[in-house]
Amino acid sequence: MNKLNLLLPIGLFLMLGGGLAAHLLLPDRSASQMENRTLAAAPTSPSSAEVLSGDWSKQAESYFTDQFPLRDIWMKSFVRSELAVGKTYINEKYFADFDSGWITSGPSELHDEETLDAGAVKAQNINEHLKELGIPFTFYSLPAKATYVREPHPDYMPEDAGIENNARFLEKLADRNIRSVRLIDTMRTIEPKLDPQKLYFKTDHHWKIDGAMLGYQAIIHDLIENGIPVSGAPLSEENMKRSCLENPFEGSWNKFYHMLVPNDDLICYLEPDGMADRFSISATSVTGTSDASYEDIYGVARKLPPEQSVNYSVGYTSDYPELDIHNADANSGHLVVLKDSYFNPITFLTAYHFQRTTVIDLRYYEGDLDTWIEAEQPDAVIMAYNDRNFDLGF
């Protein structure tokens with residue numbers, strides 16, 4: 001009996017000791033691929049103020065939580081347990097229909113005026129400077145999956161306020177004399193029987209190449225109608241080659257499920273002949289600015305073995321702070337695009353129509369935009385942001 005009484009403390013000691021040994025032996029990870037975030041690093045050399053305030057102990061707690069041995073396995077087990085007890089939302093936000101493979105997001109509530117005004121003021125500041133320089137400006141609101149794909153979802157899920165929020169935001173832009181386009185409307189003029197579900201990945205928050213292609217056509221059509229010099233009409237799928245990767249796809253929303261939702265998502269491409277040979281490219285990243293090839297920037301996933309998982313960023317284009325693309329085959333001018341990740345798949349389709357296209361991601365851009373625009377004097381500037389993005393990221 002005495003031996004049995006010792007089993008529990010001995011087992012607990014071995015478990016804690018084994019966990020500590022594994023923590024010491026296994027290297028720390030800088031980021032979690034599944035959680036898409038940076039993991040806490042080991043806190044070092046705390047100041048007396050940090051110790052007394054409790055900040056250092058919080059840093060240590062975050063570190064041990066983030067660097068817990070086999071963290072991803074434990075997190076996947078946790079998701080399985082939540083699904084087993086019938087929890088509707090994973091991460092308090094995402095609902096998966098395992099039969100169809102679709103993941104939808106929880107509903108957005110109505111945003112307050114302050115949130116919408118903040119983004120509108122940012123766009124206004126850019127617009128006013130461009131007006132002084134005589135440079136035309138348009139804000140394109142790209143249709144987000146979370147706004148237009150609400151099925152499947154539980155019957156008791158509240159209504160989503162995404163469309164109403166977007167309409168209010170565009171009204172605020174109009175009040176500030178900013179030309180804006182709700183792109184889904186232009187897309188529907190091109191494709192009257194538009195089915196939103198055909199535009200998007202099932203397990204990711206972005207559009208797939210079919211949605212991106214239609215969005216690109218809508219932007220080029222609108223630029224032409226707005227009097228912006230554009231080389232040629234929008235490309236059509238009939239004159240392009242479609243190819244798809246066999247690689248398993250890591251959808252951004254499926255990562256919250258630790259890839260437990262089966263689906264048929266694939267990275268696909270639509271490209272005209274000779275696309276890779278049209279451009280000379282200068283790419284700015286965190287390491288500096290350098291010349292790059294089309295294959296270095298777009299579709300890097302095509303260089304990977306077919307068994308390796310790929311995501312939207314690797315499949316199309318990463319969020320570079322700046323891409324400067326020159327196209328000797330075009331006879332139009334210089335377009336500047338301020339964008340979020342929704343624009344990435346159509347970066348080079350858009351650049352197909354301009355002698356020079358500069359794509360800037362203001363979330364990472366460290367230059368002085370006003371000074372740069374004054375020096376470069378582009379022919380037009382557009383902002384292309386998904387319609388859930390009101391902060392505009394800068």
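The values are calculated or read from the model by the stated rules, or taken from the named source; none is laboratory data. Quantities reported herein were computed from a predicted structural model and do not represent experimental measurements. Don't worry about glycine lacking a Cβ; one is built from the backbone with ideal geometry, like all the others, and counts go over all protein chains shown.
Just one of the listed residues (Ser280, Ser293, Ser231) is at pLDDT 95 or above and touching a Ser or Thr at 6+ places or on another chain (Cβ under 6 Å), and it is Ser231.
Restricting the range 257-287 to residues that are in a strand (DSSP E or B) and of a type in the set (Val, Ile, Thr), the residue that is farthest from Asp97 (Cα to Cα) is Ile281.
With the structure loaded, tell me whether Asp210 is surrounded by 14 or more Cβ atoms within 10 Å (Cβ to Cβ) and part of a loop (DSSP other than H, G, I, E, B) or whether it fails that test. So Asp210 fails the test. Scanning the range 296-328 for residues that are part of a loop (DSSP other than H, G, I, E, B) and over 16 Å from the mean Cα position of the chain (by Cα) yields Leu304, Pro305, Pro306, Glu307, Gln308, Ser309, Ala328. Which residues, taken from the range 127-149, are under 22 Å from Ile103 (Cα atoms) and either out of contact with any Pro (no Cβ under 8 Å at 6 or more places or on another chain) or touching a residue at least 60 places away in the same chain (Cβ under 8 Å) (or both)? The answer is Leu142, Pro143, Ala144, Lys145, Ala146, Thr147. Candidates in the range 171-201 are the residues that are more than 15 Å from Ala144 (Cα to Cα) and among the hydrophobic types (A, V, I, L, M, F, W, C); of these, the one that is nearest to the chain's Cα centre (by Cα) is Leu173.
Inspect all residues belonging to the range 176-192 and state whether any of them is in contact with a strand residue (DSSP E or B) (Cβ under 7 Å, 6 or more places away or on another chain), free of Cβ contacts under 8 Å to residues at least 40 places away in the same chain, of a type in the set (Ser, Thr, Tyr) and part of a strand (DSSP E or B). Taking every residue of the range 176-192 in turn, none turns out to be in contact with a strand residue (DSSP E or B) (Cβ under 7 Å, 6 or more places away or on another chain), free of Cβ contacts under 8 Å to residues at least 40 places away in the same chain, of a type in the set (Ser, Thr, Tyr) and part of a strand (DSSP E or B).
Residues that are in contact (Cβ under 8 Å) with a residue 40 or more places away in the chain and farther than 28 Å from Arg168 by Cα number at least 1 in the following strands (runs of 3 or more DSSP E) confined to the range 329-394: 334-339.
Output the residues belonging to the range 292-340 that are of a type outside the set (A, V, I, L, M), in contact with a Pro (Cβ under 6 Å, 6 or more places away or on another chain) and closer than 20 Å to Asn386 by Cα. Give the derivation first.
So in the range 292-340, the residues of a type outside the set (A, V, I, L, M) come out as 293-296, 298-299, 302-303, 305-309, 311-313, 315-322, 324, 326-327, 329, 331-334, 339-340.
Pick out the ones that are also in contact with a Pro (Cβ under 6 Å, 6 or more places away or on another chain) and you get 309, 316, 332-334.
Scanning the range 292-340 gives a single hit, Tyr316.
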